[in-house]
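The values are calculated or read from the model by the stated rules, or taken from the named source; none is laboratory data. None of the values given here were measured: they were computed from a predicted structure. Backbone-built Cβ (ideal geometry, glycine too); neighbour counts: all protein chains shown. Areas reflect the complete protein model, heavy atoms only, side chains present, ligands, DNA and RNA absent. Shrake-Rupley method; radii C 1.70, N 1.55, O 1.52, S 1.80 Å.
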Amino acid sequence: MSTPEFTSNRDNFCYRHPDRQSFVLCQRCLRTICPECQTPAPVGVICPECMQEQRKNRTPAQKRAERRWGGGGSIAAARSGKPVVTYALLAITSFIGLLQLIPVLGPQITDALLFAAPYLYPSISPYPFEPWRLLTAVFVHGGFVHLALNMLALWMLGQSLEPMLGRARYLSLYLISGLGGSVMVAVLAPTTATVGASGAVFGLMAALLIIGRHIGANVTGILVILGINFAFGFFVGGIAWQAHLGGAIVGALIAFIYTRTKRREQRIWQIVLLAVTVVALLLVVFLVPPLILLS
């Protein structure tokens, strides 16, 4: 029960609703606000007046982003949600990665999910036809460090990209980029087995670069990071740089499609272009590597 001293102190009541007691302060102006007046912020909550002031002080790049990606309302709504797809991908991939650490069971999981081009061509190889490996390789890794680095990158990139693109487009970007990585491995190194989410992660990095450039943001940092990570694959053994290259190319292509078909009336064209991209990748992977293997 509130004491008389508490109830007589107006600082213990919401400044917008004087009849509502609260113990929560706006992180900016430090005034008391009730749950109805609270807007989640990176740290704590802020009041409606501070939120309004924050929107007035947006940078030119932020304003261009809102105009080009469907208006301020939709972006604000998207950013208020959690990156559920990113969390799901992290959970699934990490769970499989932990299973891979179990003796006996781990190698069996890796062998069942890794990608190698001969699994696509049973007529010219001793392996069964298992095309799903083009995608399942994204969920298995070559060790704890490999898993940790990819999951850290996925978490960091997903925080920005998923709210901006929406869950369906973000998931499509991730999976098709992973497919692109496997296709490039099959084309450039058809006898190499590969595992890891690196192709999908490089697709996210390339997409962030393209979208950032489109909205007028400073993308120099992203470009440097992408270049360093790509070059790293040439100097360290056991890294399938082909998957990095394929994922980055496909991720950039999908981001370009998104930037050119972002309006609601262009949604059908966006779906058609994504489908064409997937079909093109499948045609390449089923037609080109057999010519290399038979040569």
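List of remarks:
- Amide H partners (placed H, <5 Å) of Val45, local residues excluded: Gln27
- Average projection area in nm² (convex hull over Cα atoms of segment 155-199, one quarter of hull surface): 3.3 nm²
- With both labels modelled 7 Å from their Cα along Cα-to-Cβ, the Ala148 to Leu25 distance reads 3.8 nm.
- Shape call, segment 78-130: gyration tensor on alpha carbons, a/c limit 1.5: oblate
- For Trp155, the shell of other residues with beta-carbons less than 13 Å away shows a net charge of 0, using +1 for Lys and Arg and -1 for Asp and Glu.
- The peptide list 159-172, 281-294, put in order of mean Cβ contacts within 10 Å with the highest first, becomes 159-172, 281-294.
- Taken one residue at a time, the phi angles of segment 104-116 give Karplus couplings (6.51, -1.76, 1.60, θ = phi - 60°) of 6, 5, x, x, 5, 5, 4, 5, 7, 10, 4, 10, 8 Hz. Gly and Pro are set to x.
- Each residue of segment 285-293 is assigned a 3J(HN,Hα), and the resulting list reads 6, 8, 9, 7, x, x, 5, 6, 5 Hz, derived from the Karplus form 6.51 cos²θ - 1.76 cosθ + 1.60 (θ = phi - 60°), x at Gly and Pro.
- Of the solvent-accessible surface of segment 114-204, computed with a 1.4 Å probe and all protein chains present, 71% belongs to carbon and sulfur.
- Note that segment 120-135 has calculated 3J(HN,Hα) couplings of 9, 10, x, 6, 10, 9, x, 9, x, 7, 9, x, 5, 5, 4, 10 Hz, one per residue in order, obtained from phi through the Karplus relation 6.51 cos²θ - 1.76 cosθ + 1.60 (θ = phi - 60°); glycine and proline are x.
- Rounded, prolate or oblate (a/c below 1.5 giving rounded, otherwise prolate when a/b exceeds b/c) for segment 170-295 by Cα gyration tensor: oblate
- Distance from segment 77-141 to segment 12-42 (C-alpha centre basis), Å: 46 Å
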